[in-house]
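The values are calculated or read from the model by the stated rules, or taken from the named source; none is laboratory data. Computed from a prediction, not measured in an experiment: that's the story for all the values here. So basically every Cβ, Gly included, is an ideal-geometry build from the backbone, and we count neighbours across all protein chains shown. All accessible areas refer to the heavy atoms of the entire protein, side chains included, with ligands and DNA or RNA removed. Shrake-Rupley method; radii C 1.70, N 1.55, O 1.52, S 1.80 Å.
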Amino acid sequence: MDQKFEGQPRAEIRVEGRRVIRSEVTNDWGLRLQWEIRRNGQVLATLPARADLSYEHLDTTPGTYEVVLQMWKYVDYRKGPNGEFLNSKFVDISNKVRYTI
């Protein structure tokens, strides 16, 4: 059975102090939902986001941080020689927020 991706999932995120808060996801595909946190352009962490509507940033390392909400888009199991998926991937479903510490 093929999975149907009807509509693009969407959520809005905002920063309040050290907490990033997300809205409910519209057109939710029901797949893995995660926060992607970057510091100075490099991916620092990816954390599960389905259970909680917020993420609290505890790191005090100076830098410019960027956070976006992502959802897994499954297309197929095809993988390359390095074991990475070729067609399935995480897609951004929210606006990106930036803050500096």
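Side notes on the structure shown:
- Residue pairs whose Cβ atoms lie under 7 Å apart, sitting 6 or more positions apart in sequence or on different chains, and linking a residue in the stretch 69-81 that is farther than 30 Å from GLU56 by Cα to a partner that is assigned to a loop (DSSP other than H, G, I, E, B), are VAL75/ASN87; VAL75/SER88; ASP76/ASN87; ASP76/SER88; ARG78/LEU86; ARG78/ASN87; LYS79/LEU86; GLY80/LEU86.
- The stretch 1-18: number of residues that are at pLDDT below 95 and either open to solvent by 60 Å² or more (accessible area, probe 1.4 Å) or among the polar types (S, T, N, Q) (or both): 10
- Residues of the stretch 66-89 that are open to solvent by less than 70 Å² (accessible area, probe 1.4 Å), over 15 Å from ARG10 (Cβ atoms) and at pLDDT below 95: TRP72, TYR74, ASP76, GLY80, GLY83, ASN87, SER88.
- Among the residues of the stretch 35-58, those identified as outside any loop (DSSP other than H, G, I, E, B) and more than 19 Å from ARG18 (Cβ to Cβ) are GLN42, VAL43.
- When VAL75, VAL67 are screened for being assigned to a loop (DSSP other than H, G, I, E, B) and hydrophobic (A, V, I, L, M, F, W, C), only VAL75 passes.
- Some residue of the stretch 42-61 being modelled with pLDDT of 95 or more, under 14 Å from VAL91 (Cβ atoms), surrounded by 13 or more Cβ atoms within 10 Å (Cβ to Cβ) and within 11 Å of the chain's Cα centre (by Cα): yes
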